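The values are calculated or read from the model by the stated rules, or taken from the named source; none is laboratory data. Small disclaimer: the values here were computed from a predicted structure and weren't measured. With ideal geometry, Cβ positions are generated from the backbone for all residues, glycine too; neighbour counts draw on all protein chains shown. Surface areas here come from the heavy atoms of the whole protein model, side chains and all, with no ligands, DNA or RNA. Shrake-Rupley method; radii C 1.70, N 1.55, O 1.52, S 1.80 Å.
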Amino acid sequence: MISASAARWRHERGFTLIETIVALALMGLLLSALASITAQWLPSWNRGLDRIQRSELIGIALERIGADLAAAEFVAANRDTHKPLFDGSELSVTFVRTAVGPNAGPGLDVVRLGETRDRGEFVTVRSQARFTPLADGVSLSEQVHLGSPVVLLRAPYRLSFAYAGTDRSWKSVWKDAEKLPTMIRLTVRDAASQRVLSVSTIAPLHVQIPSDCTKPDGNCGDKASSGTTTDQGKT
């Protein structure tokens with residue numbers, strides 16, 4: 001007489017060796033297909049993610065540069081000149097703004113935004129120095145020793161500047177002018193392809209006249225209204 005446990009064992013069916021081999025083969029084919037798809041899809045995903053991250057970093061850099069430029073002050077180099085201390089070229093711009101930073105006290109800073117070389121690569125750097133009146137006949141670079149460099153933009157991207165006054169005519173240089181530009185165009189290019197990135201933008205300058213002109217007893221004469229830029233090349 002067959003016991004009850006033996007009867008139950010006969011009715012229970014498991015995988016045979018052939019079924020197990022077939023299941024393993026199907027699983028192997030499935031994993032191989034997934035690996036092939038992942039190998040083709042993952043690099044594209046990584047490239048897309050890298051582009052997004054770079055665009056975000058560029059956007060942050062341009063936002064900081066724009067905030068710096070918007071805070072530019074109409075400050076003369078010394079008491080003997082009425083022109084603002086502003087030196088703008090295609091690859092750099094130097095100006096005066098209110099000191100800013102965790103350890104900055106009251107006063108003004110000379111700020112330079114522009115290219116320099118770091119380990120053989122072009123990088124856009126922000127550097128600054130405390131503003132003091134400059135002597136006549138001596139170049140800005142000889143009197144102002146900039147420090148505290150902060151890298152804002154790295155290769156393969158390069159930043160260029162263009163300047164416009166109230167006439168909205170863009171120029172590649174803005175130097176020895178009676179007034180500050182009203183806006184500065186920030187153009188970011190891929191150094192390899194020279195393609196202009198869509199994140200390029202325009203930064204407006206909020207101050208156009210000396211602070212003395214805003215005082216009730218200020219004597220700014222006709223300097224604030226009659227100044228125009230010197231003869232400079234247009235972009």
Net lengthening on full extension, Ala33/Ala70 (0.36 nm per residue, minus Cα-Cα): 7.8 nm
Just how much of Ile52 is accessible, in Å², when a 1.4 Å probe is used and the result is rounded to the nearest 10? 100
Taking 0.36 nm per residue of sequence separation and subtracting the Cα-Cα distance, how much length would be gained by fully extending the chain between Arg185 and Asp80, in nm to one decimal? 34.7 nm
What do you reckon, how do Leu134, Leu29 stack up by accessible area (1.4 Å probe), largest on top? Leu29, Leu134
Label-point separation in nm, Val207 to Glu56, each point 7 Å along Cα→Cβ: 3.5
